[in-house]
Amino acid sequence: MRILTFIIILFITILYVNPADGKVYLTKDDALKKAFPDAVIDRKTLFLSDEDVKRVESLSGVKVESKILTYYIAMENGGVIGYAFFGSHIVRTKPEVYMVIINPDGSLNHIKILAFYEPEEYLPPKRWFEQFNGKVLDDNLWTKRGISAVTGATLSANGITQEVRKALAVFQIMILKKED
């Protein structure tokens, strides 16, 4: 009985002294409201064929993990004002959840981190994310090319850059294609 009590006390002590890293900044709904405060938002689902996956991977240079993708269209005054893609990826051993906002012309509007479960020092600063604004999918949209690297947050920077490339490729291939 004493050993069981000791184990329970030890577990509780470890839990409170060493809380799990990670923080949720925004929910998906809150992020959409902040990005498009006055817009009507419509949820859409894409089903990628094997050929679509190959095209996205070829254009983005990034592996596609799922053939089912959800995105959101924001409309105001009868016109599209933007698109939102949500996703997550593992940074080191824990996830980062993000939102990518794409302008109707295919340029990147901005990136928002919704949750980050690694230690905060592995998250690039806000100004680092701002360098993506207005960028398009091209050969400069890689870290150490057109995107600055971040000391101490290399895995986060590389990971989010790859995720942005993938979202922009899906947008070009699957959404702009439909609108033509």
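Read the figures in this text as sums done on the coordinates, not as results from a lab. The structure displayed is predicted, hence computed values, not measured ones. Every residue, glycine among them, receives a Cβ derived from its backbone with ideal geometry; neighbour counts consider all protein chains shown.
Below 8 Å between Cα atoms, with a sequence gap of 6+, how large is the relative contact order for the chain in percent?
21
Given H placed 1.01 Å from N in the peptide plane, which residues other than close sequence neighbours of T70 have an amide H under 5 Å from its amide H?
Distant-sequence amide H within range of T70: L46.
Taking the Cα atoms of the chain, what is the range of coordinates along each of the three principal axes, in descending order and whole Å?
Extents along the principal axes: 72, 37, 35 Å.
When the chain is fully extended, how far beyond the present Cα-Cα distance does D105 get from T93, taking 0.36 nm per residue of separation?
Extra length from D105 to T93 when fully extended: 0.8 nm.
Kindly provide the helix-only [θ] at 222 nm of the chain, computed as the sum of -39,500 (n - 2.57) over DSSP H runs of four or more divided by all residues, to the nearest 500 deg cm²/dmol?
On the way: 6 runs with 61 residues, N = 180.
Result for the chain: -10000 deg cm²/dmol, rounded to the nearest 500.
Can you tell me how much longer the chain between E65 and L176 gets when fully stretched, taken as 0.36 nm per residue apart minus their C-alpha distance, in nm with one decimal?
Roughly 37.8 nm would be gained on extension.
Using a Förster distance of 30 angstrom, determine the FRET efficiency expected from the C-beta separation of N77 and T45, and round it to 0.05.
Computed FRET efficiency for N77 and T45 comes out at 0.75.
Among all the lysines, which ones have a C-alpha under 22 Å from K23's C-alpha, if same-chain residues fewer than 8 places away are not counted?
In chain and number order, the partners are K33, K34, K94, K112, K126.
Which FRET efficiency, nearest 0.05, do D29 and E121 yield, Cβ-Cβ r, R0 35 Å? Walk me through the intermediate numbers first.
On the way: r = 29 Å, r/R0 = 0.82.
Efficiency at R0 = 35 Å is approximately 0.75.
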